[in-house]
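The values are calculated or read from the model by the stated rules, or taken from the named source; none is laboratory data. Keep in mind it's a predicted model, so treat the numbers as computed, not measured. Positions of Cβ are generated from backbone atoms using ideal geometry, with glycine treated the same way; all protein chains shown enter the neighbour counts. Note: accessible area is taken over every heavy atom of the protein model, side chains too, but ligands, DNA and RNA are not part of it. Shrake-Rupley method; radii C 1.70, N 1.55, O 1.52, S 1.80 Å.
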Amino acid sequence: MNLSDEHLHRFSTVLVEHGVDKAFGITGSGLSLRLICALREKGVDYHCVGHEAAAALMAGGALKRDGIGAVSISIKGPGFVNLVPGLLSNFYEGRPMASVSEAYNGDAPCHMAHKRLDHKSLCSNVAKGYGKVSTRGEDISRLLALAGSEYPGPVHVDLCKQAENSLSVFSRE
């Protein structure tokens with residue numbers, strides 16, 4: 001099933017329910033732009049930044065007593081890689097935040113995937129959890145709640161053109 005505007009609106013609603021009122025990033029023209037538009041419709045301020053790592057650091061700095069204060073948004077490939085140092089800093093400093101990036105579907109042929117990276121593998125070292133936007137909002141809600149639980153830290157969500165059900169929690173023990 002293709003990721004529809006309805007999926008993105010539901011995802012943006014879940015983000016707002018978890019305390020997101022700011023978004024930072026460098027955005028492409030695809031799914032990330034559609035997500036920003038959905039967030040803006042819900043009153044979330046979007047701030048364009050000069051580097052994706054800055055977006056993650058700013059999102060981590062937007063602390064709230066309950067929930068996550070902000071989300072960072074990036075494109076796939078180089079945009080996601082630029083985001084990783086900010087995720088790492090938030091992970092080490094125990095700052096809850098969510099990052100979102102465009103991503104290729106798992107079944108995308110290699111010749112169609114320019115600068116393809118395995119986001120899940122990279123996240124396993126710099127985030128508490130990883131998921132993909134899907135039709136099941138409760139999974140994403142669980143992932144976002146993880147950001148503020150126990151020792152707080154970042155979680156990451158991929159936006160793929162195909163809606164998928166995928167959620168991973170990385171154990172740190």
Exactly one of Ser29, Ser72, Ser12 is without any contact (Cβ under 8 Å) to a residue 12 or more places away in the chain and hydroxyl-bearing (Ser, Thr, Tyr), and that one is Ser29
Among (1) open to solvent by less than 10 Å² (accessible area, probe 1.4 Å); (2) farther than 18 Å from Ile140 by Cβ; (3) of a type outside the set (A, V, I, L, M), the one test that Lys76 misses: (1)
Just to be sure I understand, how many residues within region 26-52 are open to solvent by 20 Å² or more (accessible area, probe 1.4 Å) and assigned to a helix (DSSP H, G or I)? 5
Going by the conditions given, is Glu6 among the acidic types (Asp, Glu) and either under 15 Å from the mean Cα position of the chain (by Cα) or under 15 Å from Val155 (Cβ atoms) (or both)? no
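Can you name every residue in region 136-161 that is open to solvent by 60 Å² or more (accessible area, probe 1.4 Å) and modelled with pLDDT under 85? Outline the logic, then answer.
Within region 136-161, the first condition is being open to solvent by 60 Å² or more (accessible area, probe 1.4 Å), and the residues that meet it are 136, 138, 142, 150-151, 161.
Hits for region 136-161 are Arg136, Glu138, Glu150, Lys161.
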Is it the case that Val49 is modelled with pLDDT of 85 or more and touching a helix residue (DSSP H, G or I) at 6+ places or on another chain (Cβ under 6 Å)? yes
Across region 117-158, what is the total count of residues that are free of Cβ contacts under 8 Å to residues at least 12 places away in the same chain and farther than 19 Å from Gly60 by Cβ? 3
Given the conditions (1) open to solvent by 40 Å² or more (accessible area, probe 1.4 Å); (2) part of a strand (DSSP E or B), and given that Ala23 satisfies all but one, which numbered condition is not satisfied? (1)
If I go through region 3-37 residue by residue, how many of them are in contact with a helix residue (DSSP H, G or I) (Cβ under 8 Å, 6 or more places away or on another chain) and either of a type in the set (A, V, I, L, M) or within 20 Å of Gly79 (Cα to Cα) (or both)? 16
